[in-house]
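Have a look at the structure below before the remarks.
The values are calculated or read from the model by the stated rules, or taken from the named source; none is laboratory data. All of these numbers come straight from a predicted model, not from anything done at the bench. Virtual Cβ from ideal backbone geometry, glycine too; neighbours counted across all protein chains shown. Side chains included, ligands, DNA and RNA excluded: accessible areas come from the protein's heavy atoms. Shrake-Rupley method; radii C 1.70, N 1.55, O 1.52, S 1.80 Å.
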Amino acid sequence: MTKKPQMNQSAPSVLIVDDEPDLITLLEMTLSRMGLDTASAADLASARKLLGSRSFDLCLTDMRLPDGNGIDLVRDIQRGHSNTPVAVITAYGNVEAAVESLKAGAFDFVSKPVDLPMLRQLVDAAMKSSRQPRPDRRSRHILLGDSDPMRKLRGLIARVARSQAPVHISGESGTGKELVARLVHEKSARHEGPFVPVNCGAIPVDLVESEFFGHRKGSFTGAVADKPGLFQAANGGTLFLDEIGDLPLSMQVKLLRAIQERAVRPVGAAEETATDARIMSATHRPLAEMVADGRFRQDLYYRINVIEMHVPPLRERLEDISPLAGHILQQLAARNQLPCPRLGVDALQALQGYGFPGNVRELENILERALTLCEADEIQAEHLQLPAAPPAAAAAKEAPLDAQLGEVERQRILDALAQHRFNKTATARALGITLRALRYRMDKLDIDIHT
């Protein structure tokens, strides 16, 4: 059955899809008090019919419907009504369903029983997302480069900005991961809220919990006053956790709970405090490998990696070096109140032939040095002072060394396995590593046994 009340054409409208009449009534009352019009459908077929007849500013859909799954509706709306954000209603504690809905393109999710203050926050954010203008969605004036990887990355930024889903940004050091996170924030419905970046590896281990969640006066030595944490500071905006792979395992557990429950407990506090911050994270480390060898929690990995964005290294987009170098030189010259020199042909060729292990950050350092050394109006290759490539002999020597070390490790594992009668659990205990880590090392070193 489809309920289609008289609509106020000037008010934003919400489509509610659920087969529980009591929940529909609760949602309609709540949304009506927010000045929103509603229409409701009890199944997928009715919802699709309504979507075909008119537009909506938001859709709230249950996960389980009589004729299908709410995620199917999310995908339908992504294909045919991409400007309409969708929030999925999931069973309490069903993290897998929530993550699946976000991966399918849902704006956000809300758990049953519905927390009305949290629902109002979600609806406010969704309304801003669906109605805010999106000029210059490609951000070419900030994220420079016309290479294919950069065009794809700009397009992904525009799509990801329409969601509330956690985002993980991978890439080598110096590629611009924080810049990508800032662009997603600035193009999202949270752009008026704070963007709070934190380097997880720069916080002393004994202060991590206090820095993230805050503390109460007197909760530990030196806590002379109440202090809000990073989650509270990012309320209404985005919390960017750079180098998240550096977090200790004990803190990973607490971070996972904070993300799932959307609440934190300050050190020394008796009760949790609700938070509303979108989580974005980044690392140059191989998190999947860290999960495999037990250094990063698998459940946290899946929770922060709902949407993955990869920032390519500079060596994979050499055609972008010319516009990047020109932009960087203009900025450096203006900062130092100097005339901006041209980049000579030989200098550009030298840059395009260099590997850039430090990526864009290294390019900035090289050009700053060249600007200092250049006394004319054109930078030559000699002004760049690029590091010499390592000799082939040194590279060849390093390769046999890696092979030798791998063989030493392989033999040690084989000896331990034989000593413990090829019992992997006992072997892992004797080696002082987890069973998962042992399996990972055996697979990497091509150790095949039958136990």
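Taking Cα centre as origin and charging only the Cβ of basic (Lys, Arg, +1) and acidic (Asp, Glu, -1) residues, the dipole magnitude of the chain rounds to 760 debye.
Decide, for the range 20-120, between rounded, prolate and oblate: order the square roots of the alpha carbon gyration tensor eigenvalues as a ≥ b ≥ c, take rounded if a/c falls under 1.5, and otherwise choose prolate if a/b is larger than b/c, else oblate. Because its axes are fairly even, with a/c under 1.5, the range 20-120 counts as rounded. Amide H to amide H, with H built 1.01 Å from N, Phe109 comes under 5 Å of Val88, counting only residues 5 or more places away or on other chains. Diffusion coefficient of the range 303-349 by Stokes-Einstein, Kirkwood radius over Cα pairs, 25 °C, 0.890 mPa s: 187 µm²/s. Of the cross-linked pairs Lys424/Lys444; Lys217/Lys254; Lys187/Lys254; Lys128/Lys187, those separated by over 23 Å at the C-alpha level are Lys187/Lys254. Shape class for the range 239-303: prolate, because the ratio a/c of the largest to smallest gyration tensor axis (alpha-carbon atoms, square roots of eigenvalues) is 1.5 or more and a/b beats b/c.
Translational diffusion coefficient, Stokes-Einstein: compute it for the range 218-276 using the Kirkwood radius over C-alpha pairs as Rh, at 25 °C and 0.890 mPa s, and state it as an integer in µm² s⁻¹.
In µm²/s, the coefficient rounds to 193.
Multiplying each eigenvalue of the alpha-carbon gyration tensor of the range 85-233 by 5 and taking the square root yields semi-axes of 29, 24, 15 Å, largest first, rounded to whole angstroms. The per residue volume of the convex hull around the alpha-carbon atoms of the range 308-383 is 91 Å³. The GluC sites (Glu not before Pro) of the range 243-336 that DSSP puts in a loop, and whose beta carbon has at most 13 other beta carbons within 10 Å, are Glu271.
Scanning the chain for long hydrophobic helices, with DSSP H runs required to stretch 27 angstrom or more by C-alpha along their axis and to average at least -1.0 on the Kyte-Doolittle scale, returns 392-419. Estimated from helices alone, the mean residue ellipticity of the chain at 222 nm is -14000 deg cm²/dmol (sum of -39500 (n - 2.57) over DSSP H runs with n ≥ 4, per residue).
Starting from the residue with the highest accessible area, list Arg159, Arg429 in decreasing order, probe 1.4 Å.
Details: Arg159 135, Arg429 165 Å².
Correct descending sequence by accessible area is Arg429, Arg159.
Test of understanding: given the chain, find the longest segment containing no chymotrypsin sites (Phe, Trp or Tyr not before Pro) that are in a DSSP loop and have at most 14 other Cβ atoms within 10 Å.
Of all site-free stretches, the longest is 221-421.
For the chain, what percent of Cα pairs sit more than 28 Å apart? It works out to 63 percent of all Cα pairs. Overall, the accessible surface of the range 55-132 at a probe of 1.4 angstrom is composed of carbon and sulfur to the extent of 47 percent. With protein chains left intact and a 1.4 Å probe, residues in the chain average 51 Å² of accessible area per residue.
Relative contact order for the chain: what percent, with Cα pairs under 8 Å and sequence separation of 6 or more? It would help to have the intermediate numbers written out before the result.
Values: 706 pairs, mean separation 50.5, N = 451.
Computed over the chain, the figure is 11 percent.
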